[in-house]
2 protein chains.
Amino acid sequence: MNIQGTAFRTIWLSTDGAAVEVIDQTRLPHAFVIRRIGTARAMAEAIADMVVRGAPLIGAAAAYGVWLAMRDDPSDAALDAVYAALLATRPTAVNLRWALDTVDAALTVLAPEHRGRAARMLADGIAEEDVSQNRALGDNGLPLLQAVAERKRDARTGGDDRGVVNVLTHCNAGWLATVDWGTALAPVYAAHDAGLPVHVWVDETRPRNQGAALTAWELGQHGVPHTVIADNAGGHLMQEGRVDLVLVGTDRVAANGDVANKIGTYLKALAAHDCGVPFYVAAPGPSIDWTLAAGVGAIPIEERAAAEVREVTGRTTAGDIRTVTILPADTPVANPAFDVTPARLVTAFITERGVATPAELPALYPEHDGQADEALAEG
Amino acid sequence: MNIQGTAFRTIWLSTDGAAVEVIDQTRLPHAFVIRRIGTARAMAEAIADMVVRGAPLIGAAAAYGVWLAMRDDPSDAALDAVYAALLATRPTAVNLRWALDTVDAALTVLAPEHRGRAARMLADGIAEEDVSQNRALGDNGLPLLQAVAERKRDARTGGDDRGVVNVLTHCNAGWLATVDWGTALAPVYAAHDAGLPVHVWVDETRPRNQGAALTAWELGQHGVPHTVIADNAGGHLMQEGRVDLVLVGTDRVAANGDVANKIGTYLKALAAHDCGVPFYVAAPGPSIDWTLAAGVGAIPIEERAAAEVREVTGRTTAGDIRTVTILPADTPVANPAFDVTPARLVTAFITERGVATPAELPALYPEHDGQADEALAEG
C-alpha cells in the first residue's frame, strides 16, 4: 500500500541484499522510520519489541530472521538456536510457530552450504503467500462493498453521503499487520483502488489504540477517507444508519464460527445485529482452528499488563513522545485483550476461498472435514 | 461521601459563611484541591470551566451563584444579569435552568433587602433536595443488590468472589456529579455502607475518561472496591458471568423509557441483554422528559470537540499534568457525546419513588399522566 504516494510493504530485502528492512511500528503514527535489520538477533528483538507486529507479519519476519542466521552460520546448531530464539519472542503467535516450522523442516534436510540461499527463498515465499492470500481476501470481499454501493445509488436517497460505503472496523487488521493489503482492510483497499467511494469509521481501540495509531495512519497514507471514533461511539452510529457494514479481523475462529478478536469486537457485533448491519469477519484459512468446537468460554483470553489501561502515550505540542497516567494512583485495573463473538452474530466470513456463513465455512475447507466434524460432535 | 476518611460534599458554605467552597474537579484524580468561590462571576467561570460538573451539582452551584450576586447587589438588574450569566455557562443542562428558574421566581417577588438571605436559603434547599433525592435512589436500589448477594450466598458457588455483588457502571453518575451520594452509585454506596460486599467495574469512559478520572477516584476515596476497565471489556466480562448487574445514570429519559446517557451506554445495554445481566438506570424524576414519546432518533445528540478524542491528559512520572495527541496529524474525528438505549433493553428504572420497568414508570409519576399519554399517543 502507499505511503505518501510510494508503494511499500511492511518488510522487504534491502537494495544491497545484505539485510531486511521494516517499518518501525513502535514509532507510528508520530514518525515514519525504516529500520534496517542485519542479524537474527536484531530480528528477534524487533519482533519482541513490536517493531513488527500482527500475526502474518511476524511469521514473515521470523522466516527472514532464520535467513539472516543461516547466512552467517548455516550449521545445525545455529539453526536450532535461531529457531528457539525467534519462537521465544512472542510465545502465543500461531503464525510465528507455523513459519518457523515450515522453514526449519525445509532447511534441516539440506546440506549447510545450501541453507542460506534456501532460507531466503523460503522467507520470500512466506511473504508472497501472505500477500496473495490477502489479495484474495480483498477480491472476495469487494463484491460485498460493491453491492452496498449499488443499493445506495439505486436508492438515490439524496443523503449527504452520495453512495459512499461506510465501513466500521476495530483494531488494526490492515496492511501493517501483514506483509501487504491486510485482512479486514483488504476489501477496503480493493474497493478504494477500484474507484468505489468508501469511508472507514476507525475505532480507536483502547487500551492499546491500534485503531487510532495504526489503522488511521495507514488509511490516511493510502488516501482512504476515514474518521476516528471512540470505541463507545459505534453503536450510536449504527443506530443512526451511518454504518453500512462492519469488517473485522480475527485471531482465531472456532469450527462453529465463534470468533476471537480484539477486546470490544463482541460489543460491535451485538450493535450490528441489533441495527441490522452486516457483520463480516476477514478470516484467512490458517486463522480457523478446526480442532476447537466452539469459542465462547473455550478460547483462553490473555490478560495483559495494567499499564496499557493506566497509561497513554502520545505526542506533546513540542513534538516529544510522552507517556501519561490517566488513573488515580494504585487503582486496580483489569485488561482482557480479546473477546469471543458468538457465531450467531457473524453474517459471514471473508476468506481467501470465498465468502461463507458460519454454517457454510467447513464446506470451504473440505480438507478439514474430519477434524471439524469431530470437534463439533464433541462440542 | 468520604475523602481520606473525612465526609465531604461537592459544594458547601465556607466556615466563615462568606463564600462557597467546591472540589475542583478539573484537578481530579491527580490532585485534591478545594476552590473558594466568592463572587457570582467566579461561580459562572467554575461552571463553564467544569470545576463543578454533573447536572444536579450544576443546579446547586448556580443557585449559590445567585446568592453570591444578591448578597453584593440585590437589585432587579443584578438578578436579571446573574440569571443570564449563569444560564449561559452550560446551555444544554436542564437542571441549570430549573434551578435558576426556581430561585428567580422566588426572589423576584421579594423586596431587594430580603433577597440575599432568601437566596441562600433557596440554594441550601436545592442542595438538600438533591441529597435527599439521591439518598432515596440509594435506598430504593439497595434491595436489588441485596437480592443478588443473597442469591450468591445461597448458591454457595465456591467461586472466588465469596458472594461479592459485581456492578458495572459507565461514566460518572457518582457523588461528584451531584451534591452527595450520586445517582447510579447511590445504591452502591448504600450497599457498601450497609456492609454488603460490593465491587464495581468502572468503564474508563472514553473520550473524556470520567470513569477513570472521577468514578475510580470517588470509589477509592470512599473505600469501595473497584477495578477500572477499557470500555471495550464490559461485554467480555458479562459473557464470563463476572458482572451481576449494570447500573448507569441518565441525562434524559423519554416517556416510553428510552434512555439518553453517555456515549457507549447502548453497547453495555446490548451486552447485558445478550448475557442475561439486569440493566438498571438510576433516573431521578426531573430527568424524565414526559413530553417526549420516544428517545431513539428523537433526542438530539451533542457532537463535541475532536480534541476530546485526539488528545489525552494525564500525569507524567515527574508529576506534571501533560496533554498528548494520540492520532496522526489532521486525522478526522467524530465525537458524539451521548447515545440512546431503547427501553426494551432496560430492566428497570431506580427512582426516588421506587423501582419500575419502563412500562410501569408513568404510574410512579401520576402527576405527569396527561403529558405522558399525550406524548405516547403522538409517538
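Values for this structure:
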{"read-out": "Failed item, numbered, when A:ALA31 is tested on (1) of a type outside the set (Phe, Trp, Tyr); (2) surrounded by fewer than 20 Cβ atoms within 10 Å (Cβ to Cβ); (3) in contact (Cβ under 8 Å) with a residue 12 or more places away in the chain", "value": "(3)"}
{"read-out": "Residues located in segment A:209-220, provided they are touching a strand residue (DSSP E or B) at 6+ places or on another chain (Cβ under 6 Å) and within 12 Å of B:ASP330 (Cβ to Cβ)", "value": "A:ALA216"}
{"read-out": "Residue among B:LEU87, B:LEU100 that is under 17 Å from B:THR39 (Cα atoms), of a type outside the set (Val, Ile, Thr) and open to solvent by 30 Å² or more (accessible area, probe 1.4 Å)", "value": "B:LEU87"}
{"read-out": "Exclusive hit being within 30 Å of B:HIS192 (Cβ to Cβ) and in contact with a helix residue (DSSP H, G or I) (Cβ under 7 Å, 6 or more places away or on another chain), set B:ALA61, B:ALA7, B:ALA78, B:ALA69", "value": "B:ALA61"}
{"read-out": "Selection status of A:VAL277, modelled with pLDDT under 95 and touching a strand residue (DSSP E or B) at 6+ places or on another chain (Cβ under 9 Å)", "value": "no"}
{"read-out": "Where B:LEU361 falls short, out of the listed (1) buried (at least 22 other Cβ atoms within 10 Å of the Cβ); (2) within 14 Å of chain A (Cβ to nearest Cβ); (3) over 27 Å from B:ARG90 (Cα atoms)", "value": "(2)"}
{"read-out": "Top-ranked residue in segment B:1-59 [being more than 18 Å from the chain's Cα centre (by Cα) and of a type in the set (Ser, Thr, Tyr); ranked as nearest to B:ARG252 (Cα to Cα)]", "value": "B:THR39"}
{"read-out": "Residue tally, condition within 14 Å of chain A (Cβ to nearest Cβ) and open to solvent by 10 Å² or more (accessible area, probe 1.4 Å), over segment B:244-254", "value": "1"}
{"read-out": "Failed item, numbered, when A:HIS199 is tested on (1) open to solvent by 10 Å² or more (accessible area, probe 1.4 Å); (2) within 12 Å of A:ALA282 (Cβ to Cβ); (3) out of contact with any helix residue (DSSP H, G or I) (no Cβ under 8 Å at 6 or more places or on another chain)", "value": "(2)"}
{"read-out": "Which listed residue is surrounded by 17 or more Cβ atoms within 10 Å (Cβ to Cβ) and under 26 Å from B:LYS268 (Cβ atoms), from A:VAL296, A:VAL324", "value": "A:VAL296"}
{"read-out": "Members of segment B:299-321 that are open to solvent by 20 Å² or more (accessible area, probe 1.4 Å) and of a type in the set (A, V, I, L, M, F, W, C)", "value": "B:ILE301, B:ALA305, B:ALA306, B:ALA307, B:ALA318, B:ILE321"}
{"read-out": "Of all residues making up segment A:53-83, the number that are surrounded by fewer than 24 Cβ atoms within 10 Å (Cβ to Cβ) and over 18 Å from A:THR10 (Cα atoms)", "value": "12"}
{"read-out": "Check on B:ALA46, within 30 Å of B:ALA190 (Cβ to Cβ) and either assigned to a helix (DSSP H, G or I) or within 14 Å of another protein chain (Cβ to nearest Cβ) (or both)", "value": "yes"}
{"read-out": "Those residues of segment B:180-238 which are more than 10 Å from chain A (Cβ to nearest Cβ) and among the aliphatic types (A, V, I, L, M), in sequence order", "value": "B:ALA184, B:LEU185, B:ALA186, B:VAL188, B:ALA190, B:ALA191, B:ALA194, B:LEU196, B:VAL198, B:VAL200, B:VAL224"}
{"read-out": "Segment B:250-262: number of residues that are in a strand (DSSP E or B) and either more than 23 Å from A:THR265 (Cβ to Cβ) or more than 21 Å from the chain's Cα centre (by Cα) (or both)", "value": "5"}
{"read-out": "Residues being crowded, with 16+ Cβ neighbours inside 10 Å and not in a strand (DSSP E or B) - total across segment A:1-18", "value": "4"}
{"read-out": "Condition check for B:ARG117: open to solvent by 40 Å² or more (accessible area, probe 1.4 Å), at pLDDT 95 or above and in contact with a Gly (Cβ under 9 Å, 6 or more places away or on another chain)", "value": "no"}
{"read-out": "Segments classed as strands (runs of 3 or more DSSP E), wholly inside segment A:266-361, with at least 1 members that are of a type outside the set (A, V, I, L, M) and in contact (Cβ under 8 Å) with a residue 24 or more places away in the chain", "value": "A:279-282, A:311-315, A:338-341, A:348-351, A:354-356"}
{"read-out": "Residues of segment A:331-358 satisfying the condition of being open to solvent by 40 Å² or more (accessible area, probe 1.4 Å) and more than 14 Å from every other protein chain (Cβ to nearest Cβ)", "value": "A:THR347, A:GLU352, A:ARG353, A:VAL355, A:THR357"}
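Condition check ((1) modelled with pLDDT of 95 or more; (2) touching a Leu at 6+ places or on another chain (Cβ under 9 Å); (3) among the charged types (D, E, K, R)) across all residues:
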residue	(1), (2), (3)
B:GLY158	no, no, no
B:ALA194	yes, yes, no
B:GLY223	yes, no, no
B:VAL228	yes, yes, no
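The values are calculated or read from the model by the stated rules, or taken from the named source; none is laboratory data. Not measured: the values here are computed from a predicted model. Don't worry about glycine lacking a Cβ; one is built from the backbone with ideal geometry, like all the others, and counts go over all protein chains shown. For the accessible areas, the whole protein counts, side chains as well, though only heavy atoms, and no ligand, DNA or RNA atoms are used. Shrake-Rupley method; radii C 1.70, N 1.55, O 1.52, S 1.80 Å.
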